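The values are calculated or read from the model by the stated rules, or taken from the named source; none is laboratory data. As the structure is a prediction and not an experimental result, all values here were calculated from the model. When we count neighbours, we look across all protein chains shown, and the Cβ atoms used for this are built from the backbone with ideal geometry, even at glycine. Note: areas computed on protein heavy atoms with side chains; ligands, DNA, RNA excluded. Shrake-Rupley method; radii C 1.70, N 1.55, O 1.52, S 1.80 Å.
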Amino acid sequence: MPALAVPAFALTWWAACYLIGRDPARPAALRAAAALLAYAVGVALWTVDPDSTATQVLLCVPALLWAGAAVALLPASVPERRQIDLGWMLLGSLFLVMAILLPPVGRLVVLAPLMGGLFLLRRFRDQVRPPMLTAALAVAASLYGLALAALLLPVELGSSGLVVAAIGLDLLILGFLVAVSDAFEVGERLRPDLIRSATAAVIATVLVGGPVAVTMLAAGDEPVLTYLQFAVLAVVMTVTGLSGAVLRGLDLLAFRSDDRLRRNRSALLQLAEALPRHQSHRRLQATDEADFLRYARQALDNYGNLGRLMRSPLTDLPAVDRRLTGRALDQPLERATELRAVLRASVDSLRPAGPFETGDDWRHYNALHFCAVLGLNPYARKMRTDGLELEARQAVDWMRRYVPRGTLRRWHNEAADLVAARLWAELTSPDARGVARPRGNRTAPTRST
């Protein structure tokens, strides 16, 4: 059993950490990661006691979390999406209790929410991107359902180890599809970053998983030692999947008294993470309007996060090229800095003439400038205004007193759409279409080119 359990545990644990590290704010990625972690813990328990209730329940839990991932992949334009998400949470909890209380065959009931989530995804498949995502998820879910049925039904269908390994493979496919969706949504490359991390995971599995499997075989029926071996493997795969976060944590501990060194290393780590994910050869002018507007809104949401801006396709804007005239064009950090300046100028263009006010014609500028550009949260419990300019203090006080959260968010989205439309108009203008980005490290063309 260790020959199958160890690689299954190691690779699914790594995949979960990779998804979390890729975008911890994305619900679909978190739910897919939770499904992989539940399976990995289930594999560890299966190695010691294959027929226990805890083992079977943990191998069923991924179905509920997979349903949640499918719901999270629904496009934002779907009506009542928030109610659908809340319904998944309530039904998921109910079906989890049923899986615990029912006999083994009855635990197949967890496939019902998964079927419901896939049905919703299929219903809105014309709005789901990439287009083949719905069909691929349905195929992987079907294989998972068959493997789970083969494990729980009172029928001998072959080695249970192979069935458990097949479930792990299906869940790895789920994680891959969620990563594809995430990369497509934000306009990033997936392949180079995934290959780098997966290569490290395979090497770690061979170098660490091999001795772990041998130790488990030599120890025999020693549950404590078996769990300790899985814990060691989990630590190694966590470091492999969350290498960037681990390095930043180490810097925080080792260089806590040297802020400058820590900031410089943080910038280098952000650059190292951005390079394999940036669409370096992407032709931004070939992007359709819907995708471009989404990228622009995301760039505004990430205005204060230079690491995310380095990965944005908008770093290839002609306006960024013009600002880099006379400098190297292929420096992601400089391009992200100039993209931030372009966004700042676009937000400033929304400001009406005259001194600061809180009238209706100021709502879009106020929502973007103070909340996105300055990064202020007027609803924070311990919001401190020390050191802020008078306008910022007035704006924060006004929002806190008179503007509900939902209204401010709506103003923010409307303003982001205005900025995105302005950038799109500049990109598609005849002058912008005539700007070609040079290859290599040659300087950008002048305005008269």
Subject >> Sum of -39500 (n - 2.57) over DSSP H runs of 4+, divided by residues of the chain (222 nm, nearest 500) >> reply: -22000 deg cm²/dmol
**OP:** Rank 220, 298, 13 by how far each Cα sits towards the positive end of the charge dipole of the chain (+1 on Lys, Arg Cβ; -1 on Asp, Glu Cβ) and give me just the farthest.
**Re:** 298
**OP:** Springs between alpha-carbon atoms under 10 Å, Gaussian network over the chain: tell me which of 25, 136, 415 tops the mean-square fluctuations.
**Re:** 25
**OP:** Let me know the charge dipole size of region 1-147 about its Cα centre in debye, to the nearest 20, where only the beta-carbon of Lys, Arg (+1) and Asp, Glu (-1) is charged.
**Re:** 440 debye
Subject >> Options 190, 180, 207, ranked by Cα towards positive dipole end of region 136-207, top entry (Cβ charges) >> reply: 207
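Taking the Cα centre of the chain as origin, sum charge times position over the Cβ atoms of Lys and Arg (+1) and Asp and Glu (-1), and report the length of that vector in debye to the nearest 20.
In debye, rounded to 20, the chain gives about 1240.
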Subject >> Exposure of residue 71 as accessible area (Å², to 10), given a probe of 1.4 Å and all protein chains >> reply: 10 Å²
**OP:** Calculate one ³J(HN,Hα) per residue across region 82-90 by plugging θ = phi - 60° into the Karplus curve 6.51 cos²θ - 1.76 cosθ + 1.60, and present them in order as whole Hz with x for glycine and proline.
**Re:** 4, 5, 5, 5, 5, x, 4, 4, 5
**OP:** Would you compute the Debye intensity of region 1-117 from its alpha-carbon atoms alone, equal scatterers and no solvent, and pass along log10 I(q)/I(0) at q = 0.11, 0.16, 0.19, 0.22 Å⁻¹ to two decimals?
**Re:** -0.39, -0.78, -1.02, -1.21
**OP:** Report the local net charge at residue 420: Lys and Arg +1, Asp and Glu -1, summed over other residues whose C-beta lies under 14 Å from its C-beta.
**Re:** -4
Original post:
Just going by the charge dipole of region 1-136, with Lys and Arg at +1 and Asp and Glu at -1 on Cβ, which of 87, 45, 99 is farthest out on the positive end?
Top reply: 87
Subject >> Ordering of 401-412, 197-208 by packing [mean C-beta count within 10 Å, highest first] >> reply: 197-208, 401-412
Subject >> Shape call, region 349-416: gyration tensor on alpha carbons, a/c limit 1.5 >> reply: oblate
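Sum up the charges of everything whose Cβ sits under 13 Å from the Cβ of residue 251, counting Lys and Arg as +1 and Asp and Glu as -1, but leave residue 251 out.
Combined, the nearby Lys, Arg, Asp and Glu give +4.
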Original post:
Rounded to the nearest whole Å², what accessible area per residue is found for the chain with the 1.4 Å probe?
Top reply: 50 Å²
Original post:
Given the chain reduced to its alpha-carbon atoms as identical point scatterers, what log10 I(q)/I(0) does the Debye formula return at q = 0.06 Å⁻¹?
Top reply: -0.33
**OP:** Could you check how much of the accessible area of region 1-74 is carbon and sulfur, as a whole percent, using a 1.4 Å probe?
**Re:** 72 percent
Subject >> Cα point-scatterer Debye curve for region 255-409, base-10 log of I(q)/I(0) at q = 0.18 Å⁻¹ >> reply: -1.15
